[in-house]
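As structure tokens, the structure follows; a few thoughts come after it.
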Amino acid sequence: MKKLFSIIGLSIILFTSCSEEEALTVETEGKAAITFDAVFGNQDFALNRDFTSGTSIYNFNKFRYWVSNVILINAAGEEYEVPNSYYF
């Protein structure tokens, strides 16, 4: 009988001592590096070089990137969508 009261007493203490806590959010500044690898089909891209696609041949003398809708993902899989993330 003593064991039963002890188990009930411990259960009451454990369940009443638990409370819902707010999630802890830590914001820190950091740096990130993004690298782009330009390719044409399965070939490395280069300016002033001929690339063949089907029956057409392409040669580029200028190249520009537009980057938009940037989403960063941390190690825990949480996503942060960078607002107004449109870069030239």
* Asked: Which pairs have Cβ atoms under 9 Å, sit 6 or more apart or on different chains, and link a residue in segment 36-63 that is within 19 Å of Phe88 (Cα to Cα) and free of Cβ contacts under 8 Å to residues at least 60 places away in the same chain to one that is exposed (fewer than 11 other Cβ atoms within 10 Å of the Cβ) and of a type in the set (Asp, Glu)?
  -> Asp37/Asp44; Ala38/Asp44; Phe45/Asp37
* To do: Of the numbered conditions (1) of a type outside the set (Asp, Glu); (2) at pLDDT 90 or above; (3) exposed (fewer than 10 other Cβ atoms within 10 Å of the Cβ), Arg49 fails exactly one; give the number of that condition.
  => (3)
* Would you tally the residues in segment 52-86 being surrounded by 10 or more Cβ atoms within 10 Å (Cβ to Cβ) and within 18 Å of the chain's Cα centre (by Cα)? => 8
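The values are calculated or read from the model by the stated rules, or taken from the named source; none is laboratory data. No experiment lies behind these values; they were computed from the predicted model shown. Cβ atoms come from the backbone with ideal geometry, glycine included; neighbour counts cover every protein chain shown.
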